[in-house]
Amino acid sequence: MDDFKDRVAVVTGAASGIGLALCKRFAAAGCKVVLADIEPDALNTAEQEIVALGADTLAVVCDVGKADSVSALASAVKERFGNVHILCNNAGVFVGGQIWEASHDDFEWLIDVNQYGVIHGVQSFLAEMINHGEEYHVVNTASMAAVSSLPYAGIYHMTKHAVLALSECLYHELSLAAPQVGISCLCPELFDAGIARSDRNRPDHLGDVPGTDSRQFATEAIVNSTAAGKQPAELAERVFQAIIDRQFYILSDDGWRDVAHSRLDDIRNGRNPTLTAPEV
């Protein structure tokens, strides 16, 4: 895809971080932009930023962990703009800590948002996108956590590995069934995107986050790493170019790539997992 004028781009997790940066980039390219997020106030603010860039916009409060909420999003987009050309299943949350200290609620929350958020996006949009026959592109946000395995973030790694596996299988299926499709899996390193503040959107029906030492350590590590990290606009540019190039893997080129290579070497050589921390 190289013509973005009047294309319809849908982005979940659009009110902040990577999602908002994607919306700004699509707006700059002339897209009609659909912003979906669970935070109404932040979503309204984000929409005004995109409107100020001159884009035709639609903002929809959406809980990607609920199938009916994403289905309602798809219906609202179809009614307002018609066909969708770019779908970014981007919403994500984080909980750290040792796996055996995590609650069932921790697992439920990350699986709902990080895994089912992508599943629901695929189920609600993809068939219609294939049927309309136009060129389009899907971007599923995973993480460099999808190609690595580190302590104190086990649930997050698990969900992001699942997103990558689903996306790879989807790439093969779409290549066979719908050659007009482009699909990418975004695997960002640590960006200044607010992932450490995910608890602000933890559903009320789930229990409070247990305040363990390992959880505090994981949260502080992310806060410290992202404070001086790259800005989401740089990542949005990577995504935009990947759509043009029909590039599937959108990976970090910093120390996280070395961690991923170490894991692959473990698998190739049949050795036990090596603990390799990223140097960034």
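The values are calculated or read from the model by the stated rules, or taken from the named source; none is laboratory data. Everything numeric in this text was worked out from a predicted model, so none of it was measured. Cβ placement follows ideal geometry from the backbone for every residue including glycine, while neighbour counts extend to all protein chains displayed. These accessible areas exclude ligands, DNA and RNA; they are computed on the full protein's heavy atoms, side chains included. Shrake-Rupley method; radii C 1.70, N 1.55, O 1.52, S 1.80 Å.
Things to note:
- Lysines with Cα under 19 Å of K160, excluding same-chain neighbours fewer than 8 positions away: K66
- Heavy-atom surface analysis with a 1.4 Å probe gives the chain a carbon and sulfur content of 52 percent of its accessible area.
- Count Lys and Arg as plus one, Asp and Glu as minus one, and take only other residues whose Cβ is under 14 Å from that of E47; the net charge is then -2.
- Per residue, the chain exposes 46 Å² of accessible surface when a 1.4 Å probe is rolled over the protein heavy atoms with every protein chain present.
- Helical runs (DSSP H, four residues minimum) scored at -39500 (n - 2.57) apiece and divided by the length of the chain put the mean residue ellipticity at 222 nm at -15500 deg cm²/dmol.
- Cα point-scatterer Debye curve for region 99-164, base-10 log of I(q)/I(0) at q = 0.22, 0.29 Å⁻¹: -0.90, -1.22
- For the chain, the membrane-span-like helix rule (DSSP H, alpha carbon extent of at least 15 Å along the helix axis, mean Kyte-Doolittle at least -1.0) picks out 17-28, 40-52, 67-81, 116-132, 154-177, 213-227, 232-245; this says nothing about an actual membrane.
- Whole-number D in µm² s⁻¹ for region 13-130, Kirkwood Cα-pair radius fed into Stokes-Einstein, 25 °C, 0.890 mPa s: 165
- Bins of 10 Å, starting at 0 and running to the largest distance - Cα pair percent for region 1-52: 30, 55, 14, 1
- Principal axes of the chain: Cα extent on each, largest first, Å: 49, 42, 33
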